[in-house]
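Accompanying notes for the structure given below.
The values are calculated or read from the model by the stated rules, or taken from the named source; none is laboratory data. Quick caveat: nothing in here was measured; it's all calculated off a predicted structure. Glycine also receives a Cβ, built like all others from the backbone with ideal geometry; neighbour counts cover every protein chain displayed. Ligands, DNA and RNA are excluded from the accessible area calculation, which covers all protein heavy atoms including side chains. Shrake-Rupley method; radii C 1.70, N 1.55, O 1.52, S 1.80 Å.
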Amino acid sequence: MDIRIPLRRLVSLAAPLAAVSLLACGGDDRDASAGDVGGTLVISVTGDADHLLPPLYETITGRQVSDQLFDRLAEIGDDLNTVGDEGFTPALAERWEWAEDSLSIAFHIDPDARWHDGRPVRAGDVRFTHALYVDPAVASPFAPLLDDIDSVQVRDSLTAVVWFARRTPQQFFDATYQMSILPEHLLAGVDRANIRAAAFSRAPIGSGRFRFARWTPGQTIELVADTANYRDRPRLDRAIWTVSPDPVTAITKVLRNEADFVEILRPEDQAEVSRRDDLKLVPYPALQYAAVFLNANVDGTSGPHPIFGDRETRRALTMAVDREAMVRNVFDTLGLVGIGPVTRGVATADTTIEQLPFDRERAARVLDSLGWRDANGDGVRERAGRPLEFTLITPTSSSFRMRMAVLLQEQLAQVGAKVNVEPLEFGTFIQRQNRRRFDAAMGGVGMDPLPGGVKQSWSAAGIGAGGSNYTGYASPTFDALVDSGAAAMDPDDARRYFRRAYETIVADAPAIWLYELRPVGAAHVRIQPAGLRADGWWAHLADWTIPADQRIDRDRIGLRGAPVAEGASPDAGAPADTARR
């Protein structure tokens, strides 16, 4: 997609900017009176959430659930434009006004917006949210993405003014997409240094169209419709995430009618779904890629890793891997070879950047020249008495990554590198990755639409407590180019800066860029998805529907068994005071 800069916003600053007043989000009628509502949607996932507090979550399940509970000031359009405010629609802010110099935006809070405990949403909540996200004590992984927001001021109880340190193309995106607004009255007294352990993180109160009901760790997370929501109630009564230990079990739940939707199918599962009359394939766009993260530091503090602390060794190992053959083996046509820390769906992606070539003989020569030689003939190279051997941690929740790990092990063995694959339960994998207690990690990254979002995982600002730069990659050149690209007002300039940034990191090889997905999920035919967006198929989950005569009473069957008529009320199983627990 092209980067577009609305002239009235970011180029011509001479004329005053009028207030923006837009229609309700999504373009469809969300009033419950417009059609039948109800039903329970059960989503089968392979990993539990870590947190449900937006500044803290680092798991995809955590994000999926949190996005239903918390609202932003405005919602990005389905085309994922990140420049100016074109395509954005009101959420907590019913309208907004740009300053003449574009250095501030005044957001007018919808006076009908309420937290799930009944308290009104106010401008002070916006100011509080920004302060919490950027507080070093919180150590939010999203803090680097808010660097260009200088401050948030309260003009009056319903007007929050976001001030920017400089004009950038993505100012509006930063102020809206990157922050879910939080309730000051419930979090102001929480010790921010210990906020990850706060009860709110596991039983949150938001303003979204769903409200929290219960969370049984490792099993289920349940949300119920906020039937009096200021943006209209969801079309569903409930949404339940059911957690499985592995992909096969997650898919089997859908095949056995124990769940309604699973987001990723293996190629062999797609064939079975295609043969079923009660199931359907659900393809959708995505901004996800997977890579082998190569930890440049032993544990983030103890100095360079004996293998991956050396740039030339990383490059040699990358050249020893036939990524195209691996992707074809695992995905057939459902995956593409990775092109760097970006997916092809991001505006600045450049598929013409020269990648490190697959050349096993050249890789072996480079390893020889670096002193990695098999002196004792055991098939494993050594240097200064240290074998070319490392452990690759891999989440058991992803069959794709498990299979990739085995293939990588086989390929690197051919150049004398020994890879010990360590399968880990997803929660344990996340803990090891976050603490940088690994040699290499078979990691996955879900990007946001903003090209500058690459800072989160690969800039020096992302290293350390709360950051998600798990490899410890630090390149002043890369960081400067990303900053310049993110600040460029001209789209062609932005592309040039980002191309040079991607060339820099690809050449430095802090990871082996494996694949990006062309995902296909599966759903029962009674499920009618809405608006499957590339940055998250769940973006419009509140507008998914189930015909009245095809609903299942999940309470009476305990999430198992054959369909029966649903008789539960929208808030069945959720006491009136659930949101206050």
Worksheet item: In Å², what does the accessible area per residue of segment 268-414 work out to with a 1.4 Å probe?
Response: 43 Å²
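Run the numbers on segment 376-497 and let me know its relative contact order in percent, using alpha-carbon pairs under 8 Å that are six or more apart. Can you show the working numbers first?
Values: 155 pairs, mean separation 23.4, N = 122.
For segment 376-497, the relative contact order is 19 percent.
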Item to complete: Report the FRET efficiency, 1/(1 + (r/R0)^6), for Trp163 and Thr249, where r is their Cβ-Cβ distance and R0 is 51 Å, rounded to 0.05.
Response: 0.55
Worksheet item: Can you give the accessible area per residue of segment 60-117, in Å², using a 1.4 Å probe?
Response: 25 Å²
Practice prompt. If a/c stays under 1.5 just call it rounded; otherwise compare a/b with b/c (prolate if a/b is bigger, oblate if not). Do that for the chain, with a ≥ b ≥ c from the square roots of the Cα gyration tensor eigenvalues.
Written response: oblate
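Keeping the other protein chains in place, figure out the carbon and sulfur percent of the accessible area of segment 303-428, with a 1.4 Å probe. Intermediate results must be reported in sequence, preceding the final value.
Working: 2560 of 5340 Å².
Reported share for carbon and sulfur atoms: 48 percent.
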Discussion item. If amide hydrogens are placed 1.01 Å from N in the peptide plane, which non-local residues have theirs closer than 5 Å to the one on Arg233?
Written reply: Ala32
Worksheet entry | Difference of contour (0.36 nm per residue) and Cα-Cα distance, Ile353 to Ala530 | 60.2 nm
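Could you check how much of the accessible area of segment 63-198 is carbon and sulfur, as a whole percent, using a 1.4 Å probe?
On the way: 1960 of 4380 Å².
Solvent-exposed carbon and sulfur of segment 63-198 make up 45 percent of the total.
Tell me the trypsin sites (Lys or Arg not before Pro) within segment 224-259 that lie in a loop according to DSSP and have at most 13 other beta-carbon atoms within 10 Å.
Here the trypsin sites (Lys or Arg not before Pro) that fit, given the DSSP loop and packing criteria, are Arg256.
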Fill in: Proximal lysines relative to Lys280, as straight alpha-carbon distance under 27 Å, when same-chain residues fewer than 8 apart are discounted
Lys253
Response to the item:
Once both label points are put 7 Å beyond Cα along the C-beta direction, the Asp278-Asp112 separation in nm becomes 4.0 nm
Practice prompt. Provide the packing ranking of 470-479, 153-162, i.e. peptides ordered by the mean count of other C-beta atoms within 10 Å per residue, highest first.
Written response: 470-479, 153-162
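Hey, what's segment 182-248 come to in accessible area per residue, 1.4 Å probe, Å²? Mind showing how you got there, number by number?
Values: 2360 Å² over 67 residues.
Counting only protein heavy atoms, the per-residue value for segment 182-248 is 35 Å².
R0 = 51 Å: FRET efficiency of Ala99 with Glu425, Cβ-based, nearest 0.05? Don't jump to the answer; show the numbers that get you there.
On the way: r = 50 Å, r/R0 = 0.98.
Approximately 0.55, to the nearest 0.05.
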Item to complete: Please sort by residue number the GluC sites (Glu not before Pro) in segment 369-466 whose DSSP state is loop and whose Cβ has at most 16 other Cβ atoms within 10 Å.
Response: Glu425
Fill in: Residues whose placed amide H lies under 5 Å from that of Glu422, excluding near-sequence neighbours
Leu392, Ile393, Thr394
Item to complete: Take the Cβ-Cβ distance between Ser369 and Thr477 as r, set R0 to 22 Å, and report the resulting FRET efficiency rounded to the nearest 0.05.
Response: 0.35
Discussion item. Can you list residues from other chains, or at least 5 along the same chain, whose modelled amide H is less than 5 Å from the amide H of Trp115?
Written reply: Val121
